[in-house]
Amino acid sequence: MPTKVAFIGSESYPFIKTGGLGDVMYALPRALRREGCDVRVILPYYACIPQKFKDNVTWKGSFMMDLCQGGQSYFVGVMETEIDGVVYDLIENREFFDWGNPYTGLWEDIPKYCYFSKAALAVLNYLEWIPDVVHCHDWQAALVPVYLRTSFAGTPVGAARSVLTIHNLRFQGICSLDHLKYWSGLPDYLFDYPVFKMNDHEANMFKGGLAYADRVTTVSATYAEEIQTDFYGEGLNGHLWYHRGKLRGIVNGIDVDIWNPRTDALLPNTYDEHSVLEVKRANKRALQERLGLTVDDGKFVLGLISRLTDQKGLDLVNAVFEQMLDDRTQVVILGTGDPRYENSFRYYEGIHPGQVCACIKYDESLSHQIYAGADALLVPSLFEPCGLTQLIAMRYGTVPVVRETGGLKDTVEPFNEYTGEGNGFTFDRYRADLLLDAVNRGKDQYFDHRNVWDALVRRDMEKDVSWDLSAQRYIDLYEELKELGLQGL
Ligand code: ADP
């Protein structure tokens, strides 16, 4: 019997994606499917899902579900579609999902994801598709393991085991105890310290999910260790340390069909590890033309593709921006987020025309062109659970410059100038001078030891950044849970 897994989360490419979670919710189910698992993905049917996907769904039916203290009745509609053997069940409720992009603010998002977590389990019962494992993602699905062992115990889906994956611990779904108590409709005894309670006033959805999940995973081995410390634990380090026996770190991969420089239709010119050196120069010129930069394939082009938040180490970038920018260097930024970073990068573009381009927008196609046309990609994060941009960069022969934290540490082996080994330029402590030093070490190789740099580019393209190994580790985890059975948990 193939292992049956239901993925439950708030976003998935190609329907809706705001960050790495959307990539993982798409790529991991496909990888599991290739390994023989039977996988379904349960998502909200947001109004902002593009029409071309809405035109391809099948109506599976509807029912009413109790939510809230006092048990108000809410509509649950189910739409279904399939992409490459993975079935997507989309939950429709206009009151919750007809506005937002898809997130709005915590006050509205808490009720939205209480409803979603409960409805996801109700839909599995309704469809009579009972998984071996419900695999939940981030705080938006963190109530699933709790509902599974309370409201749904004794129902068919109650026989499933649960895995909760932490993609980013910074976002936890914290609100007043009363707000969560009201909307979740969960019994009072859960609102004490071992489960939801944070302090006298606040409840934390992630905290409750972590307590109730049969296994907790996060997206790199280093981040799994880091979140048990004060600095990275976002206030939950003690709780995670207490539950460390069920915590595992499994590094993300990328979908190597979507991210494939050999076939990528969004690139001006496709390439492989043999043609990369020549074709990258052509792609660099095309990128410079598209962005209004001085067209010169001799420049060192440094890319940055990121949400513009303090997590991403942008304070370090700002601190040494002018020093990174000598007349041999160009910088391309693609991102949106905090206005203070958007504005600082616009400012640098203004005073360095032709040398800096700040693209303050979300643009999938431009991201592909930057991965293919830049020489190096900057990821100097303050913390990084896994990070996908450094993986995509390596696949495209773009050398990552990263801070040694979380998944960046686990996926980018530091370049060793004596042996010529490694995948990128790295620095450890969160200091701007160390970032600048890493960029300069990269430039030294690029300008003065081009043969070493070129070998690095080719080696990065050959590195296995696919999901294959990690999908197998998830399957091992599912098998472990199946063997343990409910009694052994
Ligand atoms: P996070 O999930 O913290 O945002 P990740 O590195 O895990 O960071 O994933 C980021 C994903 O979002 C990558 O696929 C990256 O290419 C994409 N991305 C980020 N910002 C943009 C943008 N402005 N335009 C296009 N793609 C972007």
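Observations
- Label-point gap, in nm, between Lys482 and Ser176 - each point 7 angstrom along Cα→Cβ: 4.6
- Overall dimensions of the chain, expressed as equivalent-ellipsoid semi-axes from the Cα gyration tensor (√(5λ), whole Å, largest first), are 41, 23, 22.
- Helices that extend 30 Å or more along their long axis by alpha-carbon positions and average at least -1.0 on the Kyte-Doolittle scale are, among the DSSP H runs of the chain, 106-127.
- For the stretch 362-408 versus the stretch 55-96, the gap between their alpha-carbon centres in whole angstrom: 36
- Relative contact order of the chain, defined on C-alpha pairs under 8 angstrom at six or more residues apart (%): 12
- This model, with +1 at the C-beta of Lys and Arg and -1 at the C-beta of Asp and Glu, gives the stretch 276-462 a dipole about its Cα centre of some 340 debye.
- At R0 = 30 Å, FRET efficiency that the Cβ-Cβ distance of Glu225 and Arg431 yields, to 0.05: 0.90
- Sites matching GluC sites (Glu not before Pro) across the stretch 42-151 that sit in DSSP coil, with at most 15 neighbouring C-beta atoms within 10 Å: Glu128
- Entries of Lys4/Lys52; Lys17/Lys280; Lys54/Lys284; Lys17/Lys409; Lys312/Lys463 with Cα pairs more than 30 Å apart: Lys54/Lys284
- Each Lys and Arg Cβ is given +1 and each Asp and Glu Cβ -1; about its Cα centre, the stretch 315-418 then shows a dipole of about 160 debye.
- Alpha carbon centroid spacing (whole Å) that separates the stretch 412-489 from the stretch 134-204: 34
- Applying both filters, DSSP loop and at most 10 other Cβ atoms within 10 Å, to the trypsin sites (Lys or Arg not before Pro) of the stretch 299-408 gives Lys361.
- For Thr18, Thr411, order by how many other beta-carbon atoms lie within 10 Å, fewest first: Thr18, Thr411
- What the Cβ-Cβ distance of Thr419 and Asp98 gives, at R0 = 60 Å and to the nearest 0.05, is a FRET efficiency of 0.55.
We did not get these values from a lab; they are worked out from the coordinates using the rules stated. All values reported here derive from a predicted model rather than from experimental measurement. So basically every Cβ, Gly included, is an ideal-geometry build from the backbone, and we count neighbours across all protein chains shown.
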